[in-house]
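These notes concern the structure reproduced below.
The values are calculated or read from the model by the stated rules, or taken from the named source; none is laboratory data. Because the structure is a prediction, the values reported are computed rather than measured. Neighbour counts run over all protein chains shown; Cβ positions are idealised from the backbone, glycine included.
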Amino acid sequence: MTTVEPRVVPGAVTTFQVASPDLEAVVRDLAGLRLADMFAGGSGGSSPRASRAASNGEQTILRLVWANDTQGEAGYVITETPIENGEYPALSDIAPAAFVEECEIYEQFGIRPASGKPLNRIMLPPHADLPTLGRKPRSEPEEQHAPHLVGGQAFEFPFGPVRQAGVESLYYGLVTSGEEVVDLYLFTWHKHRGLEWRLQGMTPHDALFLAERAEGLSAVAMTWALAAAAEAATGIAPAGAAQRTRAVAAELERLYNHAAAMAALCQSTGLSVGQSAAEIALERLLRLNARAFGHRYLFGVVDVGGASRAPDADAIREDLPAAYGEFRRAADALLGTNSFVDRLEATGILTAAQARGLGLVGPVARAAGLTADTRLVPGGPYGKQVTAATATAGDVLARFTVMLAEAAESVRLIGQFLDAGTAAGTTELPRTGGTGLGWAESSRGEALAWIALGDDGRITRARLRPASARNWRGFDDACRSQNVFTDIPIIEASFWLTAAGMAR
Amino acid sequence: MTPLDFLYAAAAAWITAALVGVLAARTAGGLLACCAVSALGGVAAAAGGGWSLVYGDTPVVSPGGATVVGGPLQLQATSLAGVFTALLGVVAVAIAWYAPRYHTPSGGTALYVAAYNVALLGCLAVLTAGGMVTFLVAWETMSLACYLLILRHPRAFPVARGAFWFLALSEAGFLLVVAAFVILSAKTGYTTLAGISAHSELVPGGWRAAAYLLALTGFGFKAGLVPLHVWLPEAHPVAPADGSAFLSGVVVKMGVYGIALFAFRLAPPAGAWPGLVTMGGGAVTAAIGILYAMAERDIKKFLAYSTIENTGIIVTAFGAAMIFHASGQRALWAFLLIAGIYHVANHGCYKTLLFLEAGVTEHATGTRDMDRLGGLVHRLPRSAVIAFVGTLGIAALPPLNGFVSEWLIFQGLFQGFRTGSHLTGILIVLAAGILGLTGGLAVYAFVRGFGIPYLGMPRTRQAAAASDDGQPAGGPALLAVACVALAVGAPVVLYALGKAARTVTGVTLGPLLLPGNLTVIPAHTDFAAFSPTYLAVFLTCALAVPLLIYLAGRPRAGSASVPVWDGGIVSFKPRMQYSAMTFSAPTRVTFNALYRPSISVSRPSDDDPAGRSGPVHYEAQVTPAFQRYLYRPLVRCLEWLADLVRPMQSGDVNLYLLYVFAVILLAYLLGAV
Amino acid sequence: MTLWFIRGLRRGVVTTRYPARPDPSARFLPTPPAFRPRALTRETAGRLAATCPSGALRLDDLTLVYDVGRCTACGRCAAEAPAAVQSSGEFELAATVRSELIKRIPLRETS
Amino acid sequence: MTAEELQETIARQFGRSLHIRTLDTGSCAVCEQEIRLLAAPHYDLQRLGFFFTPAPRHADLLLVTGPMIRAFEVAARKTYDAMPGPKIVVATGACALGGVYPADPFTHGTVDAVLPVDVWIPGCPPSPLALLQGLGVAVGRLAGKVRDLPFTVDDDPERTRGDS
């Protein structure tokens, strides 16, 4: 096949075939774009030859999803590359953002970058024989995975997986010389629930049930992305009112997540009064969710082809100002507390170069000066009325201020959507095969979903990529950026990620 | 019958041992025989030394009118040397018990044990020298023999370098010592030590001070006073375990003996300031020694630096004693002399023990790097127990012997207010403060020095494979017993030392030291008192208390025992435990100005932005300040001078003849004048 | 800190009186469904069992076995058969015996 | 011992003050959010004598969320073993009760497949109020009422429960 020079069509997804030998050159050309995701498997209607080959398992299709974040011409590009010999060019050497996915693909399909460098353990637990999406790794992962050895005058401080009360299970290997943080790595494989494996063979409607439990704290974004993918695959468009319903739910989700992040920041800095204030706002926002949509965490709002529940607009108009008032007052009081602000300033700095290189998304990227916000993609309910809040410092304080600005923006948007009219109701999906990419902006950043439907309308391959899967990668760099032990919880709170989303 | 006769026996035994060694130690049997004879000599020396404490000084004799390099061979067993001689004997026995299992019989070993026994002989001769020529010859013999025994494996460069450091510094010291002796004998007209000390009043004050300072520096090179200490951390790691044990346990003490000789016996300098200089030097030595010890991973280097620290403590005591003498506090003068010498004996025992155990560890695991050891208490239980006794001793924890002598030293220093002068009083208490810091750091350092290698999990496969069988245990065990004896039997020791002190200083402490019923008093009844014996007994009983509490409070119902809570990780890995350097990281940060560490980190994420995980390596290298900023410039300057005189060495025979002629001519002219 | 203290005083008490008194906010919580046996034909029950994503509903010949523990209150059954299913409004569902959570709903006898 | 005896023991031995250790065996992070909110001003767990503790050694009650992923089983058992007896295990949320994931190579599906569960709290997620009630039931302060709930409504729309 011949290589077409990939171009971004604003507001659309364009797919290109790239031959395996050309892949490296194409990746170099696309360096201007953000590598949003990379995954393998999934025969699609787009390339019948590939589908045939993949179906009898001699060949895996490698898909790279590129995003253009510049306002106005935001859009996505997908490159499809058939991989025959179980190896593909070492992309992470050119685009570091590809690394985590390289490891995942190796664990799931047994194909690995040609560089032969060791890979990290992402999802497969050691000494576990779990079903995988494709062929099992040719050699035992133990040989392929990088060893964690600590030499010289440092030692590894083991933290987790069972950590302090009320947080997710997560393991930090904190390599320290007794005083400074030398290195840090984390394991999330003990939360791997095999969601992408479970989704195979489901109808998109059933798939939503698991998708919203992939990362419960961004259930709306995840389900929206999956539903949008299914709609793109079958070529239907939901009604505008239903789209706005989804958007209202997404913005409410962003609001309560930012409130929760604020509470976590206060807890990590030991400011319990601020934590209480933030938690009051959080609880009021959650009750507002329950009253408006019937679920505190907005489960079951998004449905394929539309929305299954309509918001109680009056309830939102009635409660939102008060709830957001709590949020705003708590935030202002926090920004007026010097001990708190000083703790956040110049902590956990991520430069724009780091964020771009690692393909980070959401407030973390925006706080570093990048405008990565899928709400800017033309089409969809948002239109042109969103302004992405950004900062330049890239530290925890910048992330916090970005969150506050986004919260204000969300309130404004919710008002607009309610005025424009929201409604439940779904458009029936035709039973056709096809592939599609869907996205939504969760509070953590871009949530992506790619879906391949068989001719019976059931899923043959679904790829879920919550924002956490991306941003955890930036976390250890942020922790390594300075040498203070006690900053790590603060940085974790400012990222506000979930291990569930990372492990799926 | 005098102590000297025992010492003759010891000398004879060691000469025989040296001969047997050089001839027969190629075979296991020969090595065993050599060590047996050497041990006999040790017993004799110990007996002679111990007896000479209470016997007093013997007259100076020159057996058979023998001569050494033109001077008569003059011998004398003195009370001052008694403790050193006894220590020499005990160490000799312990090492002789240890060596046959440690060394593999071979030609190299044969030469080594020969050199070692000659070194023993040299030390004995230094301690029993009655005249200055004898002393100096013995001193050189000892130094050269030690140089040879450090060179056990001369192929390796570090060995050659360590040995060279030793030889260079000890020769430099030797010249100063010669000068000091020449001054004294020239001013008094006597060559026997007894004669010099009897007529020391003939030496004018300035010359006394000069002689003392020369001696302090000269012997300081051997004793390892900062900044003359650099040979210890270089030479100790490269010598065989028993060799470095001998260096630390005895040879370093020879330097201390020399200082004591000039400070208390021959011609004690007048005035307080020589004492202040000595005390200050000692205190600085102690602090810097232990601080560098904290930064060492190599067990033997660590022990070498701790030796420097202990020398510092002893010399501090001597200095304070001199100050008290100058201010007329004769009781405290004698008391601190006793305390210092007591510490000599203690340190000789437990430091030798620890070096021997370091040798066992190195044999069993093939490494001396603490961060490659761990968990040895399960694999080397015997040496773990023995090393634990030694560690308690050197960390100066009750009820072991280190505590007793350091308690005495502190009690002496705390009475600095009795000097009358406020300045000296304050300075003495200041020195006590520095010693306090040193003591605290020493506990910290030896918690690390024992905990990292012996406790926890093995950090390497070699450490996991270590095994106890075939490892020598007898010698260290003997020393452990000696440590306990020196603690529990403190009153007896102090009685003997009191007698020795009377011989040296003429002060009778008697009840001021031992009022009876096993109690010790620091020279003044109104100050403090304690009984090492009762303390030891009490603490041993106190150990039972937790046991009783447990037995009383243990649950009547069935109780479950579960593993320690580890956060639910699959399994602990050795990389997850404290390493030697992380343990001392707080000190490293606090005293950053002294250490000036050069930190190097290598982690995969540095050269690979993708965040590939992999081996992480972190190094913080401490700068050896004295080598770099003091000795290296010195060496460079010497090289520069050598370049200056090189043109003289043209290699032309006629030119050399001209030199000879010029010299002869000069001599004649001088003669004519 | 004084600022926070004053804020706290001004904010007043928000703590619920539950369990001493019922909590008003409970009204809006998602609650597991309650079934109307009269409207529950075998065929309806079959559809409900098929539509339940968490396998909380099982058809046992003349009864609908409903496992409250498995129910996520997602509301799909109510959307499937509004006539036969409605919200129960119960959120106090803790049980000390698992079997307490398994309910047997009788079906309408179809003649 | 049965849950009832256990509750008496708890009431006697802990004087109605109880320390809770939470354990996430693969939840979607929402149950954790609700548990954190228990300590928030709106619910204020401490007023009822419950406290969160990070150390299982100090914990009397294990609040388990998630479907008990097999890879996490070791950690779950270790946590349970580290707790001193008598101890209560509360399975929280539909995942823990088998509502979301079946027993398969990834997960056990339910918590009681690994740990002896004493109290079950349904809900996805169980709201803080439901959690409060569950904790009350766990220590025998509240009576579990679900046993008597039929989850049926009679035809008469006026007197249906739930709408009230």
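Mind checking which residues of segment D:118-144 are in contact with a Leu (Cβ under 9 Å, 6 or more places away or on another chain) and more than 25 Å from D:P67 (Cα to Cα)?
Answer for segment D:118-144, where residues must be in contact with a Leu (Cβ under 9 Å, 6 or more places away or on another chain) and more than 25 Å from D:P67 (Cα to Cα): D:G140, D:R141, D:L142.
If you go through segment B:499-507 one residue at a time, do you hit one that is surrounded by fewer than 18 Cβ atoms within 10 Å (Cβ to Cβ) and either of a type in the set (G, A, S) or not assigned by TED's automatic domain parsing to the domain that holds B:I341 (or both)?
Yes.
Picking from B:V20, B:V90, which residue would you name as being β-branched (V, I, T), under 29 Å from B:A241 (Cα atoms) and without any contact (Cβ under 8 Å) to a residue 24 or more places away in the chain? Can you show your working first?
Details: B:V90 fails: without any contact (Cβ under 8 Å) to a residue 24 or more places away in the chain.
Among B:V20, B:V90, only B:V20 is β-branched (V, I, T), under 29 Å from B:A241 (Cα atoms) and without any contact (Cβ under 8 Å) to a residue 24 or more places away in the chain.
So which strands (runs of 3 or more DSSP E) are wholly in segment A:96-189 and hold at least 1 residues that are modelled with pLDDT of 80 or more?
Details: elements: A:150-152, A:155-159, A:171-176, A:181-187.
Where strands (runs of 3 or more DSSP E) fall fully within segment A:96-189 and carry at least 1 residues being modelled with pLDDT of 80 or more, they are A:155-159, A:171-176, A:181-187.
What residue, among those in segment D:28-41 that are at the interface with chain A (Cβ under 7 Å from one of its Cβ atoms) and in a loop (DSSP other than H, G, I, E, B), is surrounded by the most Cβ atoms within 10 Å (Cβ to Cβ)?
Initially, segment D:28-41 is screened for residues at the interface with chain A (Cβ under 7 Å from one of its Cβ atoms), giving D:28-30, D:32-33, D:35-37, D:40-41.
If we keep only those that are in a loop (DSSP other than H, G, I, E, B) too, we end up with D:28-29, D:40-41.
Details: D:C28: 36, D:A29: 25, D:A40: 20, D:P41: 18.
Across segment D:28-41, the extreme among qualifying residues is D:C28.
Evaluate the following for D:L131: is it more than 9 Å from chain C (Cβ to nearest Cβ), in contact (Cβ under 8 Å) with a residue 24 or more places away in the chain and within 13 Å of the chain's Cα centre (by Cα)? Break it down stepwise before answering.
Working: more than 9 Å from chain C (Cβ to nearest Cβ): no; in contact (Cβ under 8 Å) with a residue 24 or more places away in the chain: yes; within 13 Å of the chain's Cα centre (by Cα): yes.
So D:L131 fails the test.
Away from chain B (no Cβ under 13 Å), touching a residue at least 12 places away in the same chain (Cβ under 8 Å) and touching an Asp or Glu at 6+ places or on another chain (Cβ under 6 Å): is that true of D:G66 in this structure?
Against the criterion (away from chain B (no Cβ under 13 Å), touching a residue at least 12 places away in the same chain (Cβ under 8 Å) and touching an Asp or Glu at 6+ places or on another chain (Cβ under 6 Å)), D:G66 qualifies.
Do any strands (runs of 3 or more DSSP E) lying entirely in segment C:1-78 carry at least 1 residues that are surrounded by fewer than 18 Cβ atoms within 10 Å (Cβ to Cβ) and either over 15 Å from the mean Cα position of the chain (by Cα) or modelled with pLDDT under 85 (or both), and which ones are they?
Here the list reads C:57-60, C:63-67.
Output the residue which, of all residues in segment A:298-321 that are closer than 16 Å to A:E409 by Cα and either part of a loop (DSSP other than H, G, I, E, B) or of a type in the set (A, V, I, L, M, F, W, C) (or both), is nearest to the other protein chains (Cβ to nearest Cβ). Don't jump to the end; show me each part of the working.
From segment A:298-321, those closer than 16 Å to A:E409 by Cα are A:316-317, A:320-321; that's our starting set.
Now narrow it down to the ones that are either part of a loop (DSSP other than H, G, I, E, B) or of a type in the set (A, V, I, L, M, F, W, C) (or both): A:316, A:320.
Working: A:I316: 12, A:L320: 15 Å.
The selected residue is A:I316.
Going by the structure shown, is B:S38 closer than 24 Å to B:V360 by Cβ, polar (S, T, N, Q) and in a helix (DSSP H, G or I)?
On the way: closer than 24 Å to B:V360 by Cβ: yes; polar (S, T, N, Q): yes; in a helix (DSSP H, G or I): yes.
Yes; evaluated as a whole, the condition is true for this residue.
Being more than 17 Å from A:G306 (Cβ to Cβ), of a type in the set (A, V, I, L, M) and in a helix (DSSP H, G or I) narrows it down to one of A:L217, A:L208, so name that one. Lay out the reasoning, then the answer.
Details: A:L208 fails: more than 17 Å from A:G306 (Cβ to Cβ).
The unique qualifying residue is A:L217.
Which one of A:A333, A:A281, A:A307, A:A290 is closer than 20 Å to C:T16 by Cβ, in contact (Cβ under 8 Å) with a residue 12 or more places away in the chain and touching a Lys or Arg at 6+ places or on another chain (Cβ under 9 Å)? Outline the logic, then answer.
Numbers: A:A333 fails: closer than 20 Å to C:T16 by Cβ; A:A307 fails: closer than 20 Å to C:T16 by Cβ; A:A290 fails: in contact (Cβ under 8 Å) with a residue 12 or more places away in the chain.
Only one candidate passes the filter, namely A:A281.
Is at least one residue of segment A:417-432 within 29 Å of A:A499 (Cβ to Cβ) and surrounded by fewer than 24 Cβ atoms within 10 Å (Cβ to Cβ)? Working first, answer last.
Within segment A:417-432, the subset within 29 Å of A:A499 (Cβ to Cβ) is none.
Scanning segment A:417-432 turns up no residue that is within 29 Å of A:A499 (Cβ to Cβ) and surrounded by fewer than 24 Cβ atoms within 10 Å (Cβ to Cβ).
For segment B:325-360, what are the residues that are β-branched (V, I, T) and in contact with a Lys or Arg (Cβ under 7 Å, 6 or more places away or on another chain)?
Of all residues in segment B:325-360, those β-branched (V, I, T) come to B:338, B:341, B:344, B:352, B:360.
B:V344, the sole residue that qualifies.
Count, please, the residues in segment D:82-104 that happen to be within 7 Å of another protein chain (Cβ to nearest Cβ) and of a type outside the set (V, I, T). Steps first, answer last, please.
As a first pass, look at segment D:82-104 and keep what is within 7 Å of another protein chain (Cβ to nearest Cβ): D:82, D:94, D:97-101.
Filter again for of a type outside the set (V, I, T), leaving D:82, D:94, D:97-99, D:101.
Residues in segment D:82-104 being within 7 Å of another protein chain (Cβ to nearest Cβ) and of a type outside the set (V, I, T): 6 in total.
Condition check: facing another protein chain (nearest Cβ under 7 Å), charged (D, E, K, R) and more than 17 Å from the chain's Cα centre (by Cα). Does A:E179 satisfy that? It would help to see each step written out before you state the result.
On the way: facing another protein chain (nearest Cβ under 7 Å): yes; charged (D, E, K, R): yes; more than 17 Å from the chain's Cα centre (by Cα): yes.
Answer is yes for this residue.
Across segment A:295-311, what is the total count of residues that are more than 20 Å from A:A230 (Cα to Cα) and either surrounded by fewer than 22 Cβ atoms within 10 Å (Cβ to Cβ) or of a type in the set (V, I, T) (or both)?
Matching residues across segment A:295-311 total 1.
Of all residues in segment A:257-271, which are facing chain D (nearest Cβ under 10 Å) and out of contact with any Phe, Trp or Tyr (no Cβ under 8 Å at 6 or more places or on another chain)? Working first, answer last.
Taking segment A:257-271 as the starting set, the residues that turn out to be facing chain D (nearest Cβ under 10 Å) are A:257, A:260, A:263-264, A:267.
Hits for segment A:257-271 are A:A263, A:Q267.
Exactly one condition in (1) touching a strand residue (DSSP E or B) at 6+ places or on another chain (Cβ under 6 Å); (2) closer than 30 Å to A:S92 by Cβ; (3) assigned to a helix (DSSP H, G or I) is false for B:H617; which is it?
Here B:H617 clears every test but (3).
How many of the residues in segment C:34-78 are facing another protein chain (nearest Cβ under 7 Å) and of a type outside the set (S, T, N, Q)?
First, the residues of segment C:34-78 that are facing another protein chain (nearest Cβ under 7 Å): C:34-38, C:53-54, C:56, C:66, C:68-75.
Next cut, of a type outside the set (S, T, N, Q) only: C:34-38, C:53, C:56, C:66, C:68-71, C:73-75.
Residues flagged as facing another protein chain (nearest Cβ under 7 Å) and of a type outside the set (S, T, N, Q) within segment C:34-78 amount to 15.
What pairs come out if I take residues in segment B:149-161 that are surrounded by 15 or more Cβ atoms within 10 Å (Cβ to Cβ) and pair them with residues that are among the basic types (K, R) whose C-beta lies under 9 Å away, six or more apart or interchain?
B:V159/B:R152
When you scan segment B:365-480 for helices (runs of 4 or more DSSP H) that lie fully inside it, which ones turn up with 1 or more residues that are among the polar types (S, T, N, Q) and either at pLDDT 90 or above or over 22 Å from the mean Cα position of the chain (by Cα) (or both)?
Working: elements: B:376-379, B:381-394, B:401-414, B:422-454, B:461-464.
Hits in segment B:365-480: B:381-394, B:401-414, B:422-454, B:461-464.
Against the conditions (1) under 25 Å from the mean Cα position of the chain (by Cα); (2) in contact (Cβ under 8 Å) with a residue 24 or more places away in the chain; (3) facing another protein chain (nearest Cβ under 8 Å); (4) on the phi < 0 side of the Ramachandran plot, where does A:H295 fall short? Just the number, please.
(2)
Got a sec? Which helices (runs of 4 or more DSSP H) wholly within segment A:328-367 have at least 2 residues that are touching a Leu at 6+ places or on another chain (Cβ under 7 Å)? If you could, list the steps in order and put the result at the bottom.
Numbers: elements: A:338-344, A:352-357, A:362-367.
Qualifying helices (runs of 4 or more DSSP H): A:338-344, A:352-357.
Residues of segment C:63-111 being polar (S, T, N, Q) and either touching a Cys at 6+ places or on another chain (Cβ under 7 Å) or over 28 Å from D:D112 (Cβ atoms) (or both), which ones?
Keep residues of segment C:63-111 that are polar (S, T, N, Q), which gives C:63, C:72, C:86-88, C:96, C:99, C:110-111.
Across segment C:63-111, the qualifying residues are C:T72, C:Q86, C:T110, C:S111.
Quick one: how many residues across segment C:79-98 are more than 9 Å from chain D (Cβ to nearest Cβ) and either surrounded by fewer than 23 Cβ atoms within 10 Å (Cβ to Cβ) or assigned to a strand (DSSP E or B) (or both)?
Step one: filter segment C:79-98 for residues more than 9 Å from chain D (Cβ to nearest Cβ), giving C:79-85.
Now restrict to residues that are either surrounded by fewer than 23 Cβ atoms within 10 Å (Cβ to Cβ) or assigned to a strand (DSSP E or B) (or both): C:79-83, C:85.
Total satisfying the criteria: 6.
Return only the number of the condition from (1) within 10 Å of another protein chain (Cβ to nearest Cβ); (2) out of contact with any Phe, Trp or Tyr (no Cβ under 6 Å at 6 or more places or on another chain); (3) free of Cβ contacts under 8 Å to residues at least 40 places away in the same chain that B:F583 does not satisfy.
(3)
Report whether or not B:L353 is under 20 Å from the mean Cα position of the chain (by Cα) and in a helix (DSSP H, G or I).
On the way: under 20 Å from the mean Cα position of the chain (by Cα): yes; in a helix (DSSP H, G or I): yes.
Yes, satisfied.
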